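Quick note: the coordinates plus some simple rules give every number you see, no bench work behind them. Here the structure is a predicted model, which is why all the values come from computation and not from measurement. When we count neighbours, we look across all protein chains shown, and the Cβ atoms used for this are built from the backbone with ideal geometry, even at glycine.
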Amino acid sequence: MNPYSVDNYQRPLLETPDGEDKVLMHSCCAPCAAEVMEAVHASGIKQTVFFYNPNIHPIEEYEIRKNENKRFCDKLGIEFIDADYDKDNWFERIKGLEDEPERGARCTVCFDMRFERTALYAAENNFDLITSTLGISRWKNMEQINDCGVRAANRYDDVRYWTFNWRKKGGAQRMIEISKREEFYQQEYCGCVYSLRDTNRWRQENGRDRIKRNIKFYGHDKPE
Ligand code: SF4
């Protein structure tokens, strides 16, 4: 028996840093969000999901990811804030960093932008605590994400970033299990046009087909 699988895991009661009873959860996509949302939900901490990801390209991909995340929020009865898709601002901030590798300087600017908006919403809407689902992915640098989150929260006296490690104690595995259970859309690149370009480049070099949108779902392939 695997004690960390979603069917067997006895979720501990999580404690927020200062005993806050609610959190504004920046979410990047349903697969990353679901395990984090279930962990917070099981602990009786009220959460509001804040979907602000103007990095995702193109808009068709953005809409699919957003709708999958909203579908899961609706299932758990969690409020879902559909924030701006202000992609022009995102491209403006990223200028000069187009050829940076993933986990490099472009990603720092990308996280900064997304967390700054999350922290602003928190400050304006009476949230003392923010966090993000981004860190659960093994493709991401958690230290980089936490640094950006803390930096954004520090812009406001009353907002704090929760640097919880969602990967631990089987979190990364449950993320996949829940994604299969919910048959979430399975995106194949981080999100921006440059990650799409670089992933396709890698695929080409390794004899694989280019990414096709709206085809792959966890647990099954959508019939064409
Ligand atoms: S690779 Fe991902 S985190 Fe980095 S800039 Fe692109 S979308 Fe943002």
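Calculate the FRET efficiency for residue 205 and residue 139 from the Cβ-Cβ distance with a Förster distance of 30 Å, rounded to the nearest 0.05. The partial results should precede the final answer.
Working: r = 18 Å, r/R0 = 0.62.
FRET efficiency, residue 205 to residue 139: 0.95.
Using a simple charge model, +1 on the beta-carbon of Lys and Arg, -1 on the beta-carbon of Asp and Glu, nothing else, what dipole does the chain show about its Cα centre, in debye to the nearest 20? The partial results should precede the final answer.
Numbers: 35 positive and 39 negative charges, 146 e Å.
Here the size comes out at about 700 debye.
For the pair residue 125 and residue 14, how long in nm is the line joining their label points, each one 7 Å along Cα→Cβ?
Distance between label points: 1.8 nm.
Pairs to check: 22/216; 180/212; 22/75. Give those whose C-alpha atoms are more than 30 Å from each other in this structure.
Table pairs above 30 Å Cα-Cα are 22/216.
Please state the shape class of the chain: rounded when a/c is under 1.5, otherwise prolate if a/b exceeds b/c and oblate if not, all from the C-alpha gyration tensor.
On the way: a/c = 1.68, a/b = 1.13, b/c = 1.48.
Oblate is the answer for the chain, as a/c is 1.5 or above yet b/c matches or exceeds a/b.
Evaluate the charge dipole of the range 128-180 about its Cα centre and quote only its size in Debye, nearest 20, assuming +1 on the Cβ of each Lys and Arg and -1 on the Cβ of each Asp and Glu.
Values: 10 positive and 6 negative charges, 78 e Å.
Rounded to the nearest 20 debye, it is 380 debye.
Could you identify which residue out of 204, 186, 47 has the top mean-square fluctuation in a GNM of the chain using Cα springs shorter than 10 Å?
204
Mind giving me the nanometre distance, one decimal, between the label points for residue 63 and residue 173, set 7 Å out from Cα along Cα→Cβ?
Result: 3.9 nm between the two label points.
Between residue 183 and residue 95, how many nm apart are label points set 7 Å from Cα along the C-beta direction?
A separation of 4.5 nm, rounded to one decimal place.
Assign unit charges at the C-beta atoms only (+1 for Lys and Arg, -1 for Asp and Glu), then state the dipole size of the range 1-95 relative to its Cα centre in Debye, rounded to the nearest 20. Write out the running numbers ahead of the final one.
Values: 11 positive and 18 negative charges, 23 e Å.
Rounded to the nearest 20 debye, it is 120 debye.
Taking the Cα of residue 214, stepping 7 Å toward and past its beta carbon, and measuring to each backbone N in the range 40-74: which are under 16 Å?
57-69
Where does each of 146-156, 193-203 land if you order them by average Cβ count within 10 Å, highest first? Mind showing how you got there, number by number?
Working: 146-156: 18.7, 193-203: 16.5.
Sorting 146-156, 193-203 by mean packing, highest first, produces 146-156, 193-203.
Of the options 204, 76, 40, report the single residue whose Cα projects farthest towards the positive end of the charge dipole of the chain (beta-carbon charges: Lys, Arg +1; Asp, Glu -1).
With unit charges placed on the Cβ atoms, the residue in question is 204.
Hey, with R₀ at 45 Å, roughly what FRET efficiency would residue 86 and residue 1 work out to, going by the Cβ-Cβ distance, to 0.05?
Values: r = 47 Å, r/R0 = 1.05.
Step by step, r from the Cβ atoms, then E = 0.40.
Of 96, 156, 121, which is farthest along the charge dipole of the range 74-159 in the positive direction, counting Lys and Arg as +1 and Asp and Glu as -1 at C-beta?
Selected residue: 96.
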